[in-house]
Amino acid sequence: MADELIDICDENNNLLNIQKMKSEAHKDGLWHRAAHIWIYNSQGEVLLQLRASEKLLYPDMWDISAAGHVSVGEDPVISGLRELEEEIGLKVEKEALDFWMIRKTSSIFREIKNNEFYYVYFLKFDGDISQLKLQVEEVQQIQFFAIDKIEDELKANPGKYTPHGDYWFEALAEVRKRMVG
């Protein structure tokens, strides 16, 4: 929730050696980076978080397991590890994260113009999520859901989920592949 200093990129994800506060980047629609972590388990379920009511961006909506902005000078994988620990209390080594892709995305929510490059990682986790400590300013709850249930809900009640569009379905399909392979 706090404002933070982030690196600004061009539309091709090249760093411009410009740093701005996250709020400025969102106000002006400047390109920047974020880390996304999708957590899944051996039962083929995906961990989602219900965003806090006080969040400026997509409050009270289900979202991916953990995500956040990449701070100035930070490697996206380190940012992802930091967000995992801060938001849901899960501490893992960087070798546990499996890099998938960089996804370019642009959206507008209220006055926020969010132009981001998502650095997307997967993490297989079969631990007890009831033992994790949530950052209440960011996350109301976390829960594992069956992939089919998420897909059905995204179609039937899209307003309950952050508006990531096809990204949801592409990431869920990738989890299915990882379950088989």
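The values are calculated or read from the model by the stated rules, or taken from the named source; none is laboratory data. In this text the structure is predicted, and so the values were computed from the model without any measurement. Positions of Cβ are backbone-derived with ideal geometry, glycine not excepted, and every protein chain shown enters the neighbour counts. Keep in mind that these areas ignore ligands, DNA and RNA; they rest on the heavy atoms of the full protein, side chains included. Shrake-Rupley method; radii C 1.70, N 1.55, O 1.52, S 1.80 Å.
Looking at Leu132 and the list (1) in contact with a helix residue (DSSP H, G or I) (Cβ under 6 Å, 6 or more places away or on another chain); (2) within 29 Å of Ala25 (Cα to Cα), which single condition is not satisfied?
Checking Leu132 against (1) in contact with a helix residue (DSSP H, G or I) (Cβ under 6 Å, 6 or more places away or on another chain); (2) within 29 Å of Ala25 (Cα to Cα), the one that fails is (2).
Output the qualifying pairs, or none if there are none: Cβ atoms under 6 angstrom, residues six or more apart or on different chains, first residue in segment 63-89 and farther than 18 Å from Asn115 by Cβ, second residue open to solvent by less than 20 Å² (accessible area, probe 1.4 Å) and part of a helix (DSSP H, G or I).
Close Cβ pairs (under 6 Å, with a partner that is open to solvent by less than 20 Å² (accessible area, probe 1.4 Å) and part of a helix (DSSP H, G or I)) amount to Ala66/Glu83; Ala66/Leu84; Ala66/Glu87; Ala66/Ile88.
Picking from Leu30, Leu50, which residue would you name as being more than 26 Å from Asp126 (Cβ to Cβ) and modelled with pLDDT of 95 or more?
After ruling out the rest, the residue left standing is Leu30.
When segment 160-173 is examined, which residues are found to be surrounded by fewer than 16 Cβ atoms within 10 Å (Cβ to Cβ) and in contact (Cβ under 8 Å) with a residue 24 or more places away in the chain?
Lys160, Pro163
So which strands (runs of 3 or more DSSP E) stay within segment 14-128 end to end and still have 1 or more residues that are open to solvent by 30 Å² or more (accessible area, probe 1.4 Å)?
In segment 14-128, the matching strands (runs of 3 or more DSSP E) lie at 15-21, 31-40, 45-51, 98-109, 112-124.
Would segment 139-148 turn up any residue that is in a loop (DSSP other than H, G, I, E, B) and closer than 18 Å to Ala2 by Cβ?
no
Answer with yes or no whether Lys104 is in contact with a helix residue (DSSP H, G or I) (Cβ under 6 Å, 6 or more places away or on another chain) and either of a type outside the set (Val, Ile, Thr) or over 20 Å from Tyr58 (Cα atoms) (or both).
Here the answer is no, as Lys104 does not meet what is asked.
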